[in-house]
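Here, each number is a calculation from the coordinates, and none is a lab measurement. Keep in mind that what you see is a predicted model, and the values were worked out from it rather than measured.
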Amino acid sequence: MASLDDHLRELLKLSVEDRAYAARRLFESLEDDEADPDAEALRATELTRRARAVANGTAELVDADEAHRRVAARLRAVRGQ
């Protein structure tokens, strides 16, 4: 039986579109009937905390290019590149 890491390695070989589709499906699966009933309240609390951090100037804001660079670097690290 294949391990989760084996599955992830195979998924990372897919096109960007297919990986995005897989990610959406996995994310949607987290919201199934058995989802944590407190999850929405926790999400709202976290969003409020982040919005306050932006409003009061304590959040570290990065532009889209920097965010993309960081994500790409993390993906390379995960892939061992």
Subject >> Candidate values (i) 54, 37, 15; (ii) 43, 27, 23; (iii) 47, 36, 21, label of the one derived for Cα extents along the principal axes in Å >> reply: (iii)
**OP:** Per residue of region 69-76, in order, report the coupling 6.51 cos²θ - 1.76 cosθ + 1.60 (Karplus, θ = phi - 60°) as ³J(HN,Hα) in whole Hz, putting x for Gly and Pro.
**Re:** 4, 5, 5, 4, 5, 5, 5, 4
Subject >> 5 angstrom amide H check on Ala59, placed H, neighbours 5+ away >> reply: Val54
